[in-house]
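Okay, structure first, notes after.
The values are calculated or read from the model by the stated rules, or taken from the named source; none is laboratory data. Please read all numbers here as calculations on a predicted model, not as lab measurements. Cβ sites come from the backbone with ideal geometry, for glycine too, and all protein chains shown count toward neighbours. For the accessible areas, the whole protein counts, side chains as well, though only heavy atoms, and no ligand, DNA or RNA atoms are used. Shrake-Rupley method; radii C 1.70, N 1.55, O 1.52, S 1.80 Å.
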Amino acid sequence: MRILHISPGLQETCGVSNFIVESSRALQALGHRICIATTMTCGYPTDDLDIQLLADPRQVDFSPDIAHIHTLWSPYVHKAARWCRCNRLPYVVSPHGSLTPWALRYKWWKKVPALLLYQYYDLLRADAFHVTAYSEEKDLRRLRLQQPIITAPLGAAALFNVGNVTARPDAYKNLLFISRIHPIKGLDLLVNAWATLSVAVKKGWRLLIAGPNDIGYQEELLELAVKAGLNVEDWRDRLSFGKKNMTGGSEVGVAEFSQHLADSQAELIFTGPVYHQAKDFFYSISDLFVLPSYSENFGVVVVDALAHGVPVITTKGTPWQELTGGDALNACGRCGWWIELGAKPLADALAEAMSMPDESRTALGDNGRKLVAEKYTWQAVGRKLAQGYQEVLDK
C-alpha cells in the first residue's frame, strides 16, 4: 500500500506526532510506502522517512492509495479532506482526543463554528476512523458518526532493560510527570494533591514535572504551588538538559543534571522539556509516574512508563482501566492506579503508592513491562493499521 499521513505539524513532545512517526516506521518495515505531509518537524529525527514540508497538503508529490488525516480543527487538515474527496481518495481520520466532552468544551467558541462550517462534514465523509481506545469510539458514536473503526493504540519503541538502571543522583525517590504543561493534563490537581500530603508521606520524595510550557500555563502552576506553601524550583532557564545535551545520550548531560538534583532541596521541580535519551534517564530514576489528566484519548507516556517498569497513577479521564489488572483487559496483573478525577482521590492514591514497600512498587512495575510486551509494541500497531487500511480499500 501507498499511505499518506497528513498532520499540521510534528513536535517531539507530542503524542500525536509520536504516533505518526513510529507507526509510519512500523508500516514501512512491513513493506508499505509511506509519505508524511506536514508544515514542520521541529528537529524531529526523521531522516528515515519521506516527509514533505508543505504549506498546502494538496501540493504533495506522492500518489497514495489511502490517506490518514490526524487531528481536527486545522484548516490544513480541512484542505486535505477536501482534496481527498475531489480525487476520490479514501481517507481515515484520527481525532486524537479532539472529540472528548472536555476537549469540545475547551475554547468551544472557536470549535462550534468550525464544526458547523466544515469539520462535521469532513468527519461525515471519512471512510473510517482510527481510535486509540474504546472511549474514543464512544465520542464518535455520540456525534452519530457510524463509519468503521480501526482501533490501534500507541506503542513503546522498546522495553527498557531494567538491569541497566542509571545510577540515582541521591537517596530521594521520584514521582514523575512528563507531558505538555497544559490545563487538560490536570496539573492543578497534582499540585493541590501534593500540597495536602503529610510531611511523613513526602519524606524522602520529590515531584518532577517535565514538559514544554504550553500556552504559558506553567506560570499559573508556579503561582499555585507558591500559594500552597511548596518549596518549588523552576529550571527551565537554568539548565539545558534535554535536546541540547541529551541528543545522542550525552553522559555529560546526565552527570550535570544528576548533580543539580543532588544539590537541590526543592520538593517540586519544573525541569522544562526533555527529549530522546533524556526521557529514559527520567524514567530510570523514577519510582512512580503520574498523569492526572482531565481528558486523554490515550496517553503514550503511560506506555513509556510501564515499559520502563514504573507503576502509574492516572485518572478515569484516561482510558487506562487495565492498570488495575485482574480482568480480560489485562491478565498480567495490577500495574498502577486508575482513580476518580479530583485532588482528594489523587492525594489518597499518592499516599498509598508512596507508602508502599519498594518491593511492592517493583512488582507492579514488572507487571507493567509484561503488559507492554504483550499489547503495546509498534510492530503490533503497524499490523493493526495495515489491516484496517486494507479493509477500507476492499470496500
With respect to the cross-link table entries Lys138/Lys316; Lys107/Lys316; Lys202/Lys344, which display a Cα-Cα separation exceeding 18 Å?
Lys107/Lys316
Relative contact order as a percentage, the chain, C-alpha pairs under 8 Å and 6+ apart, gives 17 percent
Considering the dipole of the chain built from charges on the beta carbon (Lys and Arg +1, Asp and Glu -1) around the Cα centre, which of Gln11, Thr151, Val372 is farthest to its positive end?
Thr151
Out of the total accessible area of the chain (probe 1.4 Å, heavy atoms of protein only), what percent is carbon and sulfur?
52 percent
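Over the range 333-395, average the accessible area per residue using a 1.4 Å probe and give it in Å², no decimals. It would help to have the intermediate numbers written out before the result.
Numbers: 3070 Å² over 63 residues.
Counting only protein heavy atoms, the per-residue value for the range 333-395 is 49 Å².
Placing +1 at every Lys and Arg Cβ and -1 at every Asp and Glu Cβ, with all other atoms neutral, what dipole size does the chain have around its Cα centre, in debye to the nearest 20?
Numbers: 40 positive and 41 negative charges, 250 e Å.
That gives a dipole near 1200 debye.
Below 8 Å, C-alpha to C-alpha, sequence gap of six or more: please give me the relative contact order for the range 5-59 in percent. Could the numbers behind the result be given before it?
Details: 70 pairs, mean separation 22.1, N = 55.
Over the range 5-59, the number comes to 40 percent.
At R0 = 45 Å, how high is the FRET efficiency between Ala171 and Thr151 if r is their beta carbon distance? Nearest 0.05 is fine.
For Ala171 and Thr151, the calculated efficiency is 0.55.
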Quotient of Cα Rg and 2.2 N^0.38 Å for the range 1-160, N being how many residues it contains
1.00
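Using a 1.4 angstrom probe on the protein heavy atoms only, could you order Cys14, Cys84 from most to least accessible area?
Details: Cys14 35, Cys84 0 Å².
So, going from the largest accessible area down, we get Cys14, Cys84.
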Cα gyration tensor category, rounded, prolate or oblate, for the range 107-229 with a/c compared to 1.5
oblate
Placed amide H near Trp337: partners under 5 Å, 5+ positions off or other chain:
Val312, Ile313, Thr314
What residue among Asn192, Asn213, Thr38 has its Cα farthest toward the positive end of the dipole of the chain, where the charges are +1 on Lys, Arg and -1 on Asp, Glu, each on the Cβ?
Thr38
Computed ³J(HN,Hα) along the range 131-141: with the Karplus parameters 6.51/-1.76/1.60, θ = phi - 60°, integer Hz and x for glycine or proline, the list is 10, 9, 7, 4, 4, 5, 4, 4, 4, 5, 5
Can you give the extra length, in nm with one decimal, that the chain gains between Asp263 and Lys138 once fully stretched, where that is 0.36 nm per residue apart less the Cα-Cα distance?
40.2 nm
With θ taken as phi - 60° and the coefficients 6.51, -1.76 and 1.60, list the Karplus ³J(HN,Hα) couplings across the range 102-107 in order, rounded to whole Hz; mark glycine and proline as x.
5, 5, 5, 6, 5, 6
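Kirkwood hydrodynamic radius of the chain from all distinct Cα pairs, in Å? Walk me through the intermediate numbers first.
Working: mean 1/r = 0.0458 Å⁻¹.
Here the Kirkwood hydrodynamic radius works out to 21.8 Å.
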Need one word for the range 279-354: rounded, prolate or oblate. Basis is the Cα gyration tensor (sqrt eigenvalues a ≥ b ≥ c); a/c below 1.5 gives rounded, then a/b vs b/c decides.
rounded
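Please label the shape of the range 1-84 as rounded, prolate or oblate, based on the square roots a ≥ b ≥ c of the eigenvalues of the alpha-carbon gyration tensor (a/c under 1.5 means rounded; beyond that, a/b larger than b/c means prolate, else oblate).
On the way: a/c = 1.60, a/b = 1.10, b/c = 1.45.
Oblate shape, in that a/c is at least 1.5 and b/c is the bigger or equal ratio.
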